[in-house]
1. Among ARG318, ARG297, ARG42, which one shows the highest mean-square fluctuation when the chain is modelled as a Gaussian network with alpha-carbon springs under 10 Å?
2. Using a simple spin-label model with points 7 Å from Cα along the Cα→Cβ vector, what separation in nm is obtained for ILE276 and GLU226?
3. Looking at this model, which pairs from LYS110/LYS141; LYS217/LYS342; LYS106/LYS354; LYS141/LYS209; LYS255/LYS368 are more than 24 angstrom apart at the alpha-carbon?
4. State the percentage of accessible surface on the chain attributable to carbon and sulfur atoms; use a 1.4 Å probe and exclude ligands, DNA and RNA.
5. Out of (i) 0.95; (ii) 1.07; (iii) 1.00, which label holds the value of Rg/Rh (Cα atoms, Kirkwood Rh) that was computed here?
6. If r is the Cβ-Cβ distance from ALA188 to GLN91 and R0 is 51 Å, what FRET efficiency results, to the nearest 0.05?
7. What net charge is computed for the residues neighbouring PRO356, neighbours being all others with C-beta under 13 Å from the C-beta of PRO356, Lys and Arg scored +1, Asp and Glu -1?
8. Among GLY218, ASN162, ILE365, flag the residue with its Cα farthest along the positive direction of the charge dipole of the chain, charges on Cβ as +1 for Lys/Arg and -1 for Asp/Glu.
Amino acid sequence: MKGKASFSFLISIFLLTGCWGAQNIDHLIYVGTIGIDYKNDRFIVYVAFTSFAGLAKVESGGAKEKSGIAVGKVTGETFNIATDNLYPSIQRMVSWGHVKSIVFTKRALKKVVLEDVLDILDRYNEIRPTLWVYATDEPLKKLFFGAAPLLHSSPYYSLLSNPEEIFQQSSFIQPIHLNRFVADANEASTTVRLPYLNITTHNWAEDKKEKPMLNLKGMCFVDDYELQKCFDRSKLWGIRWMEKGISRTPIYVKKGNKVIASIIVLQPKSKISYQIKGNTPVFNIEVSGSGSVIELREKLTEKQLVRLAQKTVEDEIRSLYKLGLKYDIDTLNLSEAMYRKKPEDWKKFSENGKIPLTDENLKKIKVKISIDTSGKEKFRQ
């Protein structure tokens, strides 16, 4: 019996040896966000390290514990050389398996930078292809320290790490995963839409002090791995009618310059079609959606409100199209729509992957909005 017990004990020891190389989670430093800048032909890489100390307590209903952020900065001839320069001074083993986002400065949004970075990220098996991609013109160190949410919450719940919840509540500028960014950038017909971040310092306060916060400023348009231009969100209202996956978005109905009503539209749909007239492609857009009246500042019938809401949506889309014409950007991705439907037409009319667009190429915009409910208040008959 003693022999059998000794044998079982020895076997159990050998079975445990597979865990001897494991690291305790509190012995590692976790990279949460990577920032890429580029100047004088050198990569300037920032890494934001996230503490998960208070995360488990909060999720299990415990007391909230302040989570810290540490930011490192390194430089190098390539992205890989720069990140390797972290290790001499880091003093702990680094985990890259929890990177949630990567932020490029506007001057880093060029082909020579993006191809180098994406090649490394594709080869390195710790980093997942589903991290979020952003652009900014803020100093990256300032941006990362502004990533800490209100009430000492973990940066794990910030806009950089978890943008989807915010997007579901107020859908406007759609977040983009790295794999989707790469797929779109590799398509000659597609213009990539990249969320554009800055820091706002005047909207929030915490503990009686001004609290810098991440802000979704607008959108940058990227073609063939090169930045075209970035715009403020105030110029981009039409983009939400052309994106897939829009969950909940408002229409601010105006008469002149005065807002007279607000409607929340749920899950709008859009469709792009085209015809060849003469030797010119002519595009038509259809948008449909239904929603609820949230605010009505003038007495209107349902028919009047619907007509004004549909006109608002049409104006937003045309305004975005004209903005693209001004800077030679296919903001509505009309070229992609033609490529998806009939590649031979796209090859015939495209130049460098894009259809040359003028005022004549966008004709009809048909919008159909229905009102499901007006709340407790009823429409004027």
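1. Result for the chain, Cα springs under 10 Å: ARG297 fluctuates most.
2. Going from the ILE276 label point to the GLU226 one covers 2.9 nm.
3. Numbers: LYS110/LYS141 21 Å; LYS217/LYS342 35 Å; LYS106/LYS354 22 Å; LYS141/LYS209 20 Å; LYS255/LYS368 19 Å.
As for pairs spanning more than 24 Å Cα to Cα, those are LYS217/LYS342.
4. It is 50 percent, rounded to a whole number.
5. Correct label, based on the coordinates given: (ii).
6. Efficiency, rounded to the nearest 0.05: 0.65.
7. Working: positive: LYS348, LYS354; negative: ASP328, ASP330, GLU351, ASP359, GLU360.
Once positives and negatives cancel, what remains is -3.
8. ILE365
The values are calculated or read from the model by the stated rules, or taken from the named source; none is laboratory data. Worth saying up front: this structure is predicted, and the values here are computed from it rather than measured. Cβ coordinates were reconstructed from backbone atoms using ideal geometry, including for glycine residues, and neighbour counts include every protein chain displayed. Quick note on the areas: whole protein, heavy atoms, side chains included, nothing else; ligands and nucleic acids left out. Shrake-Rupley method; radii C 1.70, N 1.55, O 1.52, S 1.80 Å.
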